[in-house]
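Have a look at this one.
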Amino acid sequence: MNANLTWIDSIVILGYLLTTGYLGWLGYRGTRTAADFLVGGRSAHPVVMAVSYGATFISTAAIVGFGGVAGMFGMSLLWLTFVNILVGILLAFAVLGEPTRRLGHHLGAHTFPELLGARYQSKGVQVFAGALIFLFMPLYSAAVMTGGTVFVVAQFGVDFEVALLLFALITAAYVIPGGLKAVMYTDTFQGLIMILAMVYLLWFTYSSLGGVTPAHQYLTDMADLVPPTLKAMGHQGWTAMPVFGWGAPGYDLWWTVITAIILGVGIGVLAQPQLVVRFMTVRSRRELDRAVPIGAVFILLMVGTPYLVGSLSNAWFAQHGALLKGQVVKEIDTAKGHALVGLMKESSPGRWEPIINPKTSKPTVAPMVVAGREAAQDAAGLPLELVSGRSPAVVYAKGEPDQIIPVFITTALPRWFGLVFFLCLLAAAMSTLSSQFHTIGTAVGRDLYERLTGKPGREPSVLVMRIAIVIGLLMSVTISYNVREEYVIARFTAIFFGLCAATFLPAYIGGLFWRRATRAGALASMTVGLSVSLSWLLLIKAKEASAIGLVQWVTGGKTSLLADYPNWPVVDPIVIALPLALLTLVLVSVLTRPADTRHLNLCFPKT
Amino acid sequence: MLGIPDPMVLAAFLGCIAVAAISVIYGLVRRNAAVDEVTREDRAWAIEEKKVEDEL
């Protein structure tokens, strides 16, 4: 394959896969899934329950994708960690977990669409939810796959296409024969690898920068090295929030970070179908309560670490990165040696020429901490002052945020850790992908096929599930292969989480806590949530809309219908769609006939 | 404080640790507070779930 993959690497990877397989095989022989624990009337250990949930929650998208976004945007992303713990663990387990578990068991629901459909006595609601999962979850799976693939490319030096194919084959081998069963001990083993990798990564990063406070302080002092394009969006440094305001392009970053990343992903987790069903497999409220501490610490490590390390990678590269050379374009702070430098390469001995950015076809300019100056000549033989120095992480990642974490790991950390980190990513990807494809399979087999044909028969339904899983896998690989634009991993994840939140959250929460929520209210709310979100993505949100292309056709070349109104094109659809969907649920429910009392008593028994 | 001059980012940094600590305390305080019983309905649900998983 490639010289970068040594025989030791191969043995360690094989050892990991065999251990996972062995644990899965052990699981098959005895109690393996949460349902088995429940059937046996026994309790899964809270650590097993929490780490298994966390391993499903956290994927390569969080570690590589959002870690890279933190490398670009800075530590303001720690608000997402805060919301992930507060909402994704504390609120989800303490407030939503038990009502979901009880309602699911009262109604005999086994999938998220089935839970909604049974609560609202509506085939339409169930089919709607199943179709959305089948159509859009591959977007999230693609983000997870791309996250793993870009690291394989950086670590082992193989082509993206080869790495993606390998990743897809490992995924298929894992999810098709057995990984779908969500063997809890396998998930837990994978979670433990993730914990070990993150603890070491955090320790290494802080210790290589002289400790917690010196590391943060150095990053703070680098604020003037923020690339000009990010500064124009409102970036004030990696330890500062973006500039807040409305009505000027200088506030774009604040609206991107807060609406798309923090709200979209932070709230969206509550309505993730593959996570909601986990509550139904829990034995009791007590088990949910006991899982909260481990879950919170797990998420703190799993998302807090990549966001901190992503941000701090800028300080590491500025102190220890490979020396870059170029010619000063503009002095930023002469006392600190900070300058804007046009990067150069040696075209022939002693002669230097500018490095051309392939995207812009212009000379590459980068902020730099200047370490030395020397006399040199340009390509024409004219004298120039050549400076050498180091830059923030995004320069070493060639402007691609998705590359920041992989480049940092392969450059800064010992090679053996690169392998451990690869296993961590493999673990994070597999534990998430298995539940994603399980959800896709059951959405098609149980929620679409059985409901639409009206033939709940096991054999054909299982066959349909398997076909759906293969189609979902192919869709994910196709998306990963074709879309590799800037921070696509985080964006795909945010799109899927936002869609789920706007479409499902009002109907789900209303279904759990509000007797008056009606079938018509739920259907209307889901329709409004989905249609507003999709319309916004197609026509308003510039990055997504311009990639799809419809908006250029409608407006004659603009990237958003609101391109002339600053900030609107970066606002995430969740900010508009979720309140509208909620309002629709309330209004339509109040105006329509409530469900019959007998059904409501089944959903909400008095004792 | 801690080399982070922006109070909002510092609040996020400390808030992550604080909310994790609150979660730990919550779990410890509530570890035996809720009823822990498996009803006939719970078991019936699990048997059906197991069937679907086994077939898949």
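The values are calculated or read from the model by the stated rules, or taken from the named source; none is laboratory data. The shown structure was predicted, so the numbers you read here are calculated from the model rather than taken from an experiment. Please note: Cβ atoms are built from the backbone with ideal geometry, for glycine as well, and neighbour counts cover all protein chains shown. All accessible areas refer to the heavy atoms of the entire protein, side chains included, with ligands and DNA or RNA removed. Shrake-Rupley method; radii C 1.70, N 1.55, O 1.52, S 1.80 Å.
Measure nothing but the geometry: give the 0 to 90° angle between the long axis through the Cα atoms of A:488-513 and the longest principal axis through the Cα atoms of chain A, rounded to 10°.
That helix lies at roughly 30 degrees to the long axis.
Label-point separation (nm) for A:VAL554 and A:LEU135, each offset 7 Å from Cα along Cα-to-Cβ?
Going by the 7 Å Cα→Cβ label model, 1.6 nm.
Step through the residues of region A:415-430 one at a time and calculate ³J(HN,Hα) from phi using the Karplus curve (6.51 cos²θ - 1.76 cosθ + 1.60, θ = phi - 60°), rounding each to whole Hz and writing x for Gly and Pro.
Result, ordered by residue: 4, 4, 6, x, 5, 4, 5, 4, 5, 4, 5, 4, 5, 4, 5, 5 Hz.
While we're on this one: Cα centroids of region A:135-154 and chain B: how far apart, whole angstrom?
What the calculation gives is 26 Å, centre to centre.
Which percent of the accessible area of chain B is formed by carbon and sulfur heavy atoms (probe 1.4 angstrom)?
The C+S portion of the solvent-accessible surface of chain B is 66 percent.
Measuring from centroid to centroid over Cα atoms, what is the spacing of region A:392-440 and region A:543-607 in Å?
Value for the Cα centre distance between the two parts: 33 Å.
Ok, one more. If you line up the long axis of helix A:212-221 against the longest principal axis of chain A, both from Cα atoms, how many degrees apart are they, to the nearest 10?
Orientation of helix A:212-221: about 60 degrees from the principal axis.
When the helices in chain A are scored as -39500 (n - 2.57) per DSSP H run of 4 or longer and the sum is shared across all residues, what 222 nm value do you end up with, to the nearest 500 deg cm²/dmol?
Dividing the helical sum by the residues of chain A leaves -19000 deg cm²/dmol.
Considering Cα pairs under 8 angstrom that are at least six residues apart, work out the relative contact order of chain A and quote it in whole percent.
Across chain A, relative contact order equals 24 percent.
What translational diffusion coefficient, to the nearest whole µm²/s, does region A:227-337 have by Stokes-Einstein, given a Kirkwood radius computed over alpha-carbon pairs, a temperature of 25 °C and 0.890 mPa s viscosity?
In µm²/s, the coefficient rounds to 135.
Still on this structure, please answer the following. Of the accessible area of chain A, with the probe set at 1.4 angstrom, what percent is carbon plus sulfur?
The value for chain A is 66 percent carbon and sulfur by accessible area.
Kindly express, to the nearest 10 degrees and within the range 0 to 90, the angle between helix A:7-29's C-alpha long axis and the longest C-alpha principal axis of chain A.
Relative to chain A, helix A:7-29 is tipped by roughly 10 degrees.
For region A:481-607, what is the accessible area per residue in Å² when the probe is 1.4 Å?
Normalised by residue count, the accessible surface of region A:481-607 is 46 Å².
Same structure again: If you project the alpha carbons of region A:511-607 onto the principal axes, what extent comes out on each, in Å, largest first?
Here the Cα extents, ordered largest to smallest, are 59, 20, 20 Å.
Moving on to the next point. For A:LEU169 and A:ALA322 in one chain, what is 0.36 nm times their gap in residues minus the Cα-Cα distance, to one decimal in nm?
51.6 nm
If you don't mind, another one. Given 10 °C and 1.306 mPa s, compute D for the protein assembly as shown with the Stokes-Einstein relation, Rh being the Kirkwood radius over Cα pairs; round to the nearest whole µm²/s.
Using the Kirkwood radius from Cα pairs, D works out to 61 µm²/s.
Can you pull the Kirkwood radius for region A:468-562, inverse mean 1/r over Cα pairs, to one decimal in Å?
That comes to 15.3 Å for region A:468-562.
Set the Förster radius R0 to 56 Å, insert the Cβ-Cβ distance between A:ARG415 and A:ASP596 as r into 1/(1 + (r/R0)^6), and round the FRET efficiency to 0.05.
The computed FRET efficiency comes out at 0.30.
Let me ask you something else. At 0.692 mPa s and 37 °C, plugging the Kirkwood radius over alpha-carbon pairs of region A:264-394 into Stokes-Einstein gives what diffusion coefficient in µm²/s?
Stokes-Einstein gives a translational diffusion coefficient of 175 µm²/s.
Here's something else I'd like to know. Compute the orientation-averaged projected area for region A:395-546 from the convex hull of its Cα atoms and round it to one decimal in nm².
Mean orientational projected area (region A:395-546, Cα hull): 13.0 nm².
Counting heavy atoms of the protein chains only and a 1.4 Å probe, report the per residue accessible area for region A:68-136 as a whole number of Å².
Per residue, region A:68-136 has 20 Å² of solvent-accessible surface.
Then there's this: Between chains A and B, what is the buried accessible area in Å², counting both sides, with a 1.4 Å probe and ligands, DNA and RNA left out, to the nearest 100?
That pair hides around 4600 Å² of surface in total.
I want the local charge near A:ILE89. Using Cβ-Cβ distances under 14 Å, sum +1 for each Lys or Arg and -1 for each Asp or Glu among the other residues.
Local charge sum for A:ILE89: +2.
Hey, can you find the accessible area per residue of region A:356-466 for me, probe 1.4 Å, expressed in square angstrom?
Accessible area per residue: 40 Å².
What do you get when you divide the Cα radius of gyration of region A:39-173 by 2.2 N^0.38 Å, with N the number of residues?
Against the empirical 2.2 N^0.38 Å value, I get 1.32 for region A:39-173.
Sticking with this one: Under a plain spin-label model, where a point goes 7 Å from the Cα along Cα-to-Cβ, how far apart in nm are A:ILE467 and A:ARG515?
4.4
Net charge within 12 Å of A:SER391 by Cβ-Cβ distance, Lys/Arg positive one each and Asp/Glu negative one each, not counting A:SER391 itself?
Spelling it out: positives minus negatives among the neighbours equals +3.
Can you give the Rg to Rh ratio for region A:48-103, taking only C-alpha atoms and Rh from Kirkwood?
With Rg and the Kirkwood Rh in hand, the quotient comes to 1.07.
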